[in-house]
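Step one of this worksheet: look at the structure below.
The values are calculated or read from the model by the stated rules, or taken from the named source; none is laboratory data. Since we're looking at a predicted model, the values are computed, not measured. In this analysis, Cβ positions are derived from the backbone assuming ideal geometry, glycine residues included, and neighbour counts consider all displayed protein chains. Surface areas here come from the heavy atoms of the whole protein model, side chains and all, with no ligands, DNA or RNA. Shrake-Rupley method; radii C 1.70, N 1.55, O 1.52, S 1.80 Å.
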Amino acid sequence: MGNVGKLSQKLQEAVRKLSYKTTVDELKKKGIQRVNVVGLDRIVALIEAAVHRTLKQRIAGFEGIERRGEIATRTREEFLKLLNSKETLERARDEVIEEKEELQDEVLRLREELRSTQTQLSSQEAKIATEERMRHAEADQELQAEIDELMFKLGLAGNAKSEELVRHVLELTQVRLDAERERVAEARRKEYQSEVELLNRRLSKLNGTLQETEKQLMAVMRAKNIDDGIASIYKDVQGLDNADNHYETKKELMSSIFEANLRLQGKR
Amino acid sequence: MSKNLENESSARSDAPATEEPKSQSENTKAPESSADVKAPANAKVNAMSQTDSMQTSSGDKDSDSDKEAGVLYVGVDLGTSRTSISASNGVRETVASVVGYPKDVVSRKLLKKEVLVGQEALERRLSLNMYRPLEHGVLKTAEDGSQDQNAKAAADLLKAAIGLARARKDELVYAVIGAPAQASIHSKNAILKAARECVDSVMLCSEPFAVAYGLDMLEDVLVIDIGAGTTDLCRMHGTMPEESDQITLTYAGDFLDKELYKALETSCTGASFTIGMIKEIKEKYAYVSGGSDPILVELPVEGKPVQFDITKEVLESCRKIIPPIVDSLGQLIASFDPEFQHRLRNRVLLAGGGSMIRGLDRAIEDHMKVKLGGGRVLRIEEPMYGGANGALKIAHDMPAEYWEQLR
């Protein structure tokens, strides 16, 4: 496809992208009953004609038809480049928006996972502590009952000496038992500690990822704002056109409006 | 101008669809080759969007020194019922002049917003404290004279409306706002204060003046701007209109709603309806001359939809707006220089949402013939955007040094 064909196609795409969809009902709501329709081909042809005419005018002074043709071709190429760069930018923006949405989902997922892991950890700790307390209380009770039964069988129950003896035996047993429990608990703690460490590592990793993702999200949100909005057709402040039919009248009117606003806004 | 700013008239839209608005402002003319077509209802139409640009990015530039990429002019028509904007990037939008704030923490969490404006607010009105900050074309005030929540609502409305212009961050934004009719200095200051938060420089102007300016009709013209709260008549004679050049009537869109409501209360026995439903009916069917197909509407009677023919009621209610308008036209014409009265009578512009009542231009002409011995009424092409387009044109024509001094 030649440059001219490409230009037409690109122009058509650009014009189509700049259009927006509306319904007849929506137009009616705005008070519009009939619309003026300009075909896409016609718009493209007009733009092409305008470009061509401008080119002809601008390069009229250049020597040689070949030179002019070369300039025209280059201009078309530049125009195509501009259109392409706009497309590239739009694509990049779409990608950024998509990325932003994905990151938002990811942040939500990570937050949920973090919350669930934290809950899991604390509930596991509480559960283990409660279970241990209950188990020890049960074992203590059983031991007390067994010693009482033994004393009863030996006929030592009921007098003060034997009760003193029972108390000593119980204390002695308790000390040994506690030592043994501590040993078992230590072993279990070690086992549990490695589990906790694993969970903590996971937590810290999740936290890190969350922070990183949130940073990325902020960056993307900022980036998304880059080409928000629609550019004005004016680069500079305009003002009244000297060639305006009502130039003098309008100049006075503008001055009156300005003076009144100056007073109203307390600038005078 | 001071008189205009301090004691002038305005109002805004309402009313039904009729004629054929076309071009935007003078700044964004489309190629001329065109054809009139009618598209099937609800068909999607691809309309040319706003002027776009191949500029790339602006980043987070906010400071004035960074705003070198362009100048966006915005014309705003702040109306009782609707607020319209027209901008030099081709954007034209209208938003209902209502603002809603979540009623409680639950609705705030649900809506995930602190402020809702326009249609969005109307759709969620049950969860919101609703405000219509303008009444009869002016900012509502509390009984103690303060503007209270209405001032905040007006500010939020204005911010939302200017936000619709989708200004780029790297552009200077200069706005002209059609000031509500007889707004007090206090009201105008509230509007200016709100606007300054979202634009670089702002001016107020008379709404009917903006309409005439937008059409380049600055001499010997009478503008009738029919809004929801007020109908403003303004006589233009090449200078800024003074107080004596303007008349404000309350025979406007809201008045017609009430009249039609009363008429249907009598004729549609057993039917239940709200003023909002009546407004919708009016906007769809209102007419005053030229005949109409039977206007059949369904209204609920004891919960069951029943069809009613309201053709006569619509016609009679809508016609009530004509005599006071023509009487006021008569006053403005009679007090004008006799040499130019004939010219003035034949250059009457009909603008505002209310001007979309079918056959209104013809009906006013007929009434003028009887009362004033004749006259010509011209309905502007874009009634909904007449004020905003005019304000945009004023913004465009305002010299740079004036904008600078008001920054």
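Applying the Kirkwood pairwise sum to the alpha-carbon positions of region B:307-388 produces a hydrodynamic radius of 13.8 angstrom. In this label model, A:Ser162 and A:Tyr247 are separated by 13.0 nm, measuring between points 7 Å along each Cα→Cβ vector. Shape summary of region B:73-134, radius of gyration then Dmax from alpha carbon positions: 13.4, 40 Å. Scaled against 2.2 N^0.38 Å for its residue count N, the alpha carbon radius of gyration of region B:143-275 is 1.31.
Among B:333-340, B:150-157, sorting by the average number of other beta carbon atoms lying within 10 angstrom of each residue, highest first, gives B:150-157, B:333-340.
Note on A:Glu259/A:Lys215: beta-carbon distance plugged into 1/(1 + (r/R0)^6) with R0 of 51 Å gives a FRET efficiency of 0.50. Between A:Ala129 and B:Glu123, the simple label model (points 7 Å from Cα in the Cβ direction) yields a spacing of 5.1 nm. Tell me, rounded to the nearest percent, the portion of alpha carbon pairs in region B:179-243 spaced more than 15 Å apart. Percentage above 15 Å: 56.
On a full-extension model of 0.36 nm per residue, what is the gain between B:Glu197 and B:Lys284, subtracting their alpha-carbon distance, rounded to one decimal in nm?
Extra length available between B:Glu197 and B:Lys284 comes to 27.7 nm.
Across the alpha-carbon atoms of region B:75-204, the computed radius of gyration and Dmax are 14.5, 42 angstrom. The distance linking region B:78-97 with region A:141-169 is 96 Å (Cα centroid to Cα centroid, whole angstrom).
Using a 1.4 Å probe and counting only protein heavy atoms, arrange B:Arg376, A:Arg34, B:Arg319, A:Arg181 so the residue with the most accessible area comes first. List each step's numbers first, then the result.
Numbers: B:Arg376 145, A:Arg34 80, B:Arg319 105, A:Arg181 45 Å².
Largest to smallest exposure gives the sequence B:Arg376, B:Arg319, A:Arg34, A:Arg181.
Counts of other chain beta carbons within 10 angstrom of each beta carbon in peptide B:90-96 average 2. To the nearest 0.05, what FRET efficiency results for A:Lys29 and B:Arg376 with a Förster distance of 30 Å applied to their C-beta separation? Given R0 = 30 Å and the Cβ-Cβ separation, E is 0.55.
Mark the label point 7 Å from the Cα of B:Asp337 along Cα→Cβ and return the residues of region B:220-257 whose backbone N is within less than 19 Å of it. Under 19 Å, as judged by backbone N against the label point of B:Asp337, lie B:220-223, B:234-246 of region B:220-257. The convex hull drawn around the Cα atoms of region B:253-319, when projected onto a plane and averaged over every direction, covers 4.0 nm².
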